Structures are given as C-alpha cells and as structure tokens.
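Asks: For reference, the structure I am asking about is given below.
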Amino acid sequence: MSIEATPRPRPAVGLGRRRRLATAGPLALCTGLLVAVAALSLTQGAASIPPGTAIAFVLNRLPLIHIGVEAPASWETIVVDVRLPRLLAAGVVGAALAYSGAAYQGVFRNPLADPYLLGVASGAALGASIAIVSPLESSSYEFGWVPLLAFAGAALAVLLAYGFAQSGRTVSNTALILAGIAISSVASAITSFILLTGGDRAQPILSFLFGSFNTASWTRLVVGAPYLLGGAAVIALHARLLNVLQLDEEQAAQLGVDVARSKVILLAAASLVAATAVAMAGVIGFVGLVVPHVTRMVFGGDYRRLLPLAALLGASFLIGTDVLARTLLRPQEVPVGIVTAMVGGPFFLYLLRVRRIGGFR
Amino acid sequence: MYRFSLPFRRRPLLAAALALACASLVLVACGDDDAPGDATTPTAAAATASGGAGFPRTITDSSGAAVTLASQPRRIVSLSPAATEILFAIGTGDRVVGSDAFSNYPDAAGQTEKLDYSKPDPEAALALDPDLVIMVTRQQEQVRQFRDLGMTVLYFEEAETVEGVYESISLLGELTGRDSEAAQVVAGMRQRVDALTSKLAGVAVGPRVFYEITTDLYTVSDDTFIGSMLALLKAKNVAAGASSKFPQLTAEAVIAADPEVVLLADAKFTNENLETVAARPGWANMSAVRDRRVVAIDDDIASRPGPRIVDAMEAIAKALYPDRFP
C-alpha cells in the first residue's frame, strides 16, 4: 500500500508537521479525563467506603507502594474484586465500541454507521439467547457459553451480510448496509421469539439486550483482551488508509489503494473488536455511534489521531455512565445501555447545536 | 476544525435504514413485558360470594363483574398454572379441558389442550367449548374480548401473599362447587404453615438472605409472593428496600450486605452452586459462602401462588434454619 505517494494532501488526509505536533495535547487531555473518571468510579458504589481508602486499596496493588489502611476486609474485596474489574471492563468495552465505531464510520464514510451496522449486536443477541435458553451450562461470571455463542453469532451475522452483499470482488457500501439491516432484522425477530416463548428461563436475555457490567470478572477481561488488542492493532496500522478512504473511492484507487481489500481488512478487524465487546458486556448502544462523532467534532477527522482519542473518550464515557448505572438507584442496578442513551443523547444534541458540525449538512 | 466532508448521496436510504434498525430494536425492547416485574400489585383475590350451596351461583370477581354460573362447570379452561394446580388439588382436575402452556403440574394438567399464557387465542378457547374460563392478571386486557365472545370468564388477580393464596383456593372452590374440598386444602396448608411458624417462635431476628433469580443478580423485594414468604419466616431480605418488585442489585450491594444465606432459584437453569458462587469475584468471604449456606430452591414451586407454596416454604425454612428443621 503505497499511500506515501499522496501528491497533494487534503485537510482530512493531511500528514503535515503541524497536525502531528497537535496529538500530544489532546492525548494528555483525554488520558487525564480517563484517570479522573476511573478514580471517581473506584470511590462510588453501594457500600460507603471513604474515597481515600478505596484509592489506597488499588494503589497498594502496584509495586513499591504501601499505604497503611485500617478498614474491614470486605472493603478491600469490594474495591479490588468488584469495582476494579467492573471499571476495567467498562473502560475496555467503551474503548472497543468507540474504536470500532470510528473505523466503521471511516470505511462507510457515513455518519450513521456504528459498530452494530452489519449485525454484530443482533447476531450476538441471538447467539446469547440460544445459549441462555439451551441446556448448556453457563455461569455469567466466566467466559462460558453465553459470550462464546454471542461472539459466534456476531461473527456469523457480519460474514452473512458480507456474503450477501458481495458481487464479484467488489462490495458496494449500500448493499452491505442493506444486507446488514436485513440480517439484523431476522436475528432480532428470532431473539424476540425466543424471549416470548422461553418463559422464566429467557429472562437473562433482556439483561444481555441492555448490557451490563454487573458480572464483570478478571476471567472475562483476560479472555477478551487478545481479540480486542489484535483487532485494534490491525485498525491502528490502517489509520492512514482510513484517511485516504475518506476521498472518493475512485480517487483512493488512483492513489494506489486497493479499496476492496482495505475495506475487508478494516471491517473484519472492527467487527472482531465490536463482537468481543458485545460478548463481554451485552448490547450497549450509542457509544460506538456518538463517541467517534464527538471526538471528530472536538479534535478533527485525521484517523491517526481520531482513533486513539475515540478509544480514550469511549472508555471514559462508559466508565462514567456505569457509575450512574450502579448508583442512580443504589443498591439497585440500572442497565448501562439505558444510561448511555439517556445521558449521551442530550449531550450529543447539545454538541450538534453548538458546533454545527460539518458532516451534517 | 471539523472538516470531515461526507458524501451524503444515500441519505434518504440510510435514514430509512436507521429507522428500521431502531424499530427492530424497539421491538426487541418491548419484550420487557416478559420481565418478572409484570406481577401485579399486592391485592388478595378480592372476591366475595353470594348465594348458598348449589347452583346457580353468582360470584363477584376481581374485575368487579358478577359472574353467574347456571350449573357446576364441567368444561373448565384455566389460564394460570396456579389456578390449574388449585383445581386439581380440590379434586376438579378432571373437568379441566384446557390450560395455559405453563400449567405442567400435576402431570395430568400437562395433557390438557394447551393455550398461550401471555396472549391466549380466543378462537382456541372457544373451540374447547368451555363453560368456565379462568383468567388472571396477565390476561387482564383480554377478559372483555373473551366475555364478548360469550364465554363465562372468572378473572382474579394472582395472590401475592400466603393469605391471598388461601383466598384464591376458596374462590375457586366456590366457583366449581367444591367448597368443602377447598376448605380442607386451606386447612391443611394452614396447619403446615403454623407448624413452621411455631418452630420459629423463639427466633427474634432471622438470617440475612439473598434470593437469587438470575446470575446477574435479579432478586425479589418484600412486595412479592416470595418476599412475603421470607418475611413470614423472619428472614431479612437484603433487597428489602428496593424500589421495584424484582430489582437487580449491584454485586457490590449484595457483598456489602453480607447475606448469611443465599438461595439460588436459578440453579436449575444455570447449574449454579456453592462452588460457582464462591468463585464469583468478591463472594468468597461472604458469610453464606464461608458457612456453606448456599442452597438451590425450585422456584417453579415458590413463584406459583398455588397449593404447593407450602412445599416451597418448607424448603426455604430448612435452608434458613437447618438446626430447627432437621
């Protein structure tokens, strides 16, 4: 892929020195936000644990740090074994959804694209539903059958959508989107059917459809991480390509980009990331659609910068909304997918109004 | 700043696509009706009888309607698993010709003609030529439809307390001319419940208990049938203060409440047990896990306000007070 030969860089494709320099500031800003939200998350919950104590428990897990803490043993359990994996799961999934969402939007050059466009969410929901109502042994806390079949369902949905949309070697975006919608509708219909006929047994399907981190565990994080990191690495390596794809496909081809091949690679990697995220936490809407937009509005559309910033902001956003999910009705839980839309929607509308963003002419 | 220019030639198509996607999501979300939260407000079946023994009889049901039965019903359609169990318990099971899909106890009930529970088809009911259709909370919206088609419908709100179950049994006894059998069943249940509670007379404060419906920690509040049983057994439900009937607790809240007993109503679907519960992050040091007091409960029995609730109550009592109920 010889995109080095870009003759006359356009703003969105710009590789100039000025842009490169501007990356450190935003990165520091978004990382700072993430650390702040993470600290907030560690100190909030159903149990009243003094914030300083909670932070100390976590810092003590780092090498060379020993802060004397006098507190009941159950507090340390709550902070380290419950809040911390939950915080990390929310961060990882938020980052994954925003990251894959940005890639989807880039590939489709379409602001309505999100990581669920090709059926990842409905395919995963169907897979999870089948696992839930089947006699397969399953524990919510480990990476058992539910996330496994969810992942398989998501992958299968995307493959089917791609297969149906393909004609010859090329795939038109429109055909792909339509195929994705059709596959999603079929999968959702079957899920609804299972939900209606499954009786009591089907109840956990609803939890999957709204997403939750209530059963986050270290096991899940460790099993999911390789897929997330692998997919994200592939996308990161193609960040420049995403910039070029923002041109007309013909122009991109003239620049020596194999558009069809790039699309396959990027979509496969983004779908892998999204499917893993959904398998880990259920269907959490809105993050993958809106966080990339917000990032783009604030920091511009160069994918080399957009991708990492979207991941950081996605992590912060989902950790923050999960804090609300855990504390709004304390000691009860609100499905986090509901909170993301309730909180994120108005904020996004505000940004739309204030920034009058370019893509929405 | 934002100069990300997007070709938007396909906008109408995509708008439609999004709408479609949203619609399908909404459809899925509508399945929420099936959540356990659909139980009704705690009202005992408020039915009063008029007329003496023998038929015709007129009974005022939970909808306020006066239901008149010209003669003892011979072809009954029961659309509630609890009502079906009651009918069999009072010895009129042989007259049940149709029942809802969840009516699976006793075995004979499973062999009657089956109708849907949440949206029973009136045509299928008519085809059974019933002289009495028993409908409950879930089918409230359809009561009128069934009556307009000429069927005799008794509507009652399913009980959410033990006393309410007794009333349901008496009501169905009256309705089917099995008054004395119903009174016997109730008396038998009362006796067993009294036996339970008398053994707990010396208990001032029972154990803290977490009643798990699903592994993602849906549970019951005090305003549910199961909650009322726990209260009767003097257990302290850790979800007592929750604002909904079937709340989902955060894992942290359960751990912080440190239940002394965990009852697993989800065990039969998920194979949860002491070991899997102990392996959950942060659960290992919980009192219930340390003292190995994590017990599977068959909530098919516990969640049905019928005659078998006493079985469920005994099982729960045994789990809560193993020393008192050896």
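The values are calculated or read from the model by the stated rules, or taken from the named source; none is laboratory data. From a predicted model like this one, the values you see are computed outputs, not experimental measurements. Glycine also receives a Cβ, built like all others from the backbone with ideal geometry; neighbour counts cover every protein chain displayed.
Asks: Taking the stretch B:228-243 only, how many residues are more than 13 Å from chain A (Cβ to nearest Cβ), touching a strand residue (DSSP E or B) at 6+ places or on another chain (Cβ under 8 Å) and touching a residue at least 12 places away in the same chain (Cβ under 8 Å)?
Replies: Total meeting the criteria: 3.
Asks: Within the stretch A:327-334, does at least one residue satisfy the condition of being away from every other protein chain (no Cβ under 12 Å) and either surrounded by fewer than 23 Cβ atoms within 10 Å (Cβ to Cβ) or not in a loop (DSSP other than H, G, I, E, B) (or both)?
Replies: Looking through the stretch A:327-334, none of the residues is away from every other protein chain (no Cβ under 12 Å) and either surrounded by fewer than 23 Cβ atoms within 10 Å (Cβ to Cβ) or not in a loop (DSSP other than H, G, I, E, B) (or both).
Asks: Just name the residue that is farthest from A:ARG86 (Cα to Cα) out of those in the stretch B:264-283 that are at the interface with another protein chain (Cβ under 8 Å from one of its Cβ atoms) and either assigned to a helix (DSSP H, G or I) or at pLDDT 85 or above (or both). Working first, answer last.
Replies: Initially, the stretch B:264-283 is screened for residues at the interface with another protein chain (Cβ under 8 Å from one of its Cβ atoms), giving B:269-272, B:276, B:279-282.
Among the residues that remain, those that are also either assigned to a helix (DSSP H, G or I) or at pLDDT 85 or above (or both) are: B:269-270, B:272, B:276, B:279-282.
Numbers: B:PHE269: 25, B:THR270: 22, B:GLU272: 21, B:THR276: 19, B:ALA279: 16, B:ARG280: 13, B:PRO281: 10, B:GLY282: 12 Å.
Step by step, filter the stretch B:264-283, then rank; the result is B:PHE269.
Asks: Can I ask one more? Cβ contacts < 9 Å: first residue closer than 15 Å to B:PHE102 by Cα, restricted to the stretch B:294-311; second residue of a type in the set (Lys, Arg) and part of a loop (DSSP other than H, G, I, E, B), any location; separation 6+ or different chain. Result?
Replies: Listed pairs, sorted by first residue: B:ASP300/B:ARG308; B:ILE301/B:ARG308; B:ALA302/B:ARG308.
Asks: A follow-up question, please. Please verify whether the stretch A:286-300 includes one or more residues that are buried (at least 21 other Cβ atoms within 10 Å of the Cβ), touching a residue at least 40 places away in the same chain (Cβ under 8 Å) and closer than 30 Å to B:ALA239 by Cβ.
Replies: yes
Asks: So is A:GLY119 of a type outside the set (Phe, Trp, Tyr), at pLDDT 95 or above, surrounded by 24 or more Cβ atoms within 10 Å (Cβ to Cβ) and touching a Gly at 6+ places or on another chain (Cβ under 7 Å) or not?
Replies: Judged against the criteria, A:GLY119 is not a match.
Asks: Quick check on B:THR224: is it within 10 Å of chain A (Cβ to nearest Cβ), surrounded by 21 or more Cβ atoms within 10 Å (Cβ to Cβ) and either on the phi > 0 side of the Ramachandran plot or not acidic (Asp, Glu) (or both)?
Replies: Against the criterion (within 10 Å of chain A (Cβ to nearest Cβ), surrounded by 21 or more Cβ atoms within 10 Å (Cβ to Cβ) and either on the phi > 0 side of the Ramachandran plot or not acidic (Asp, Glu) (or both)), B:THR224 does not qualify.
Asks: Just name the residue that is farthest from the other protein chains (Cβ to nearest Cβ) out of those in the stretch A:194-231 that are among the aliphatic types (A, V, I, L, M), closer than 21 Å to A:VAL273 by Cα and surrounded by fewer than 17 Cβ atoms within 10 Å (Cβ to Cβ).
Replies: A:LEU229
Asks: Related question: How about the stretch B:36-89: which of its residues are at pLDDT 80 or above, among the hydroxyl-bearing types (Ser, Thr, Tyr) and not in a loop (DSSP other than H, G, I, E, B)?
Replies: Of everything in the stretch B:36-89, those that are at pLDDT 80 or above, among the hydroxyl-bearing types (Ser, Thr, Tyr) and not in a loop (DSSP other than H, G, I, E, B) turn out to be B:THR58, B:THR60, B:THR68, B:SER78, B:THR84.
Asks: Follow-up question, since we're still on this one. Tally the residues that are surrounded by fewer than 20 Cβ atoms within 10 Å (Cβ to Cβ) and of a type in the set (A, V, I, L, M), restricting the search to the stretch A:260-271.
Replies: 4
Asks: If you check A:SER122, A:SER100, A:SER134, A:SER172, which single one turns out to be among the small types (Gly, Ala, Ser) and in contact with a Ser or Thr (Cβ under 7 Å, 6 or more places away or on another chain)?
Replies: A:SER122
Asks: Does B:ARG208 satisfy the condition of being in contact with a strand residue (DSSP E or B) (Cβ under 9 Å, 6 or more places away or on another chain) and touching a residue at least 60 places away in the same chain (Cβ under 8 Å)?
Replies: Working: in contact with a strand residue (DSSP E or B) (Cβ under 9 Å, 6 or more places away or on another chain): yes; touching a residue at least 60 places away in the same chain (Cβ under 8 Å): yes.
Spelling it out, B:ARG208 is indeed in contact with a strand residue (DSSP E or B) (Cβ under 9 Å, 6 or more places away or on another chain) and touching a residue at least 60 places away in the same chain (Cβ under 8 Å).
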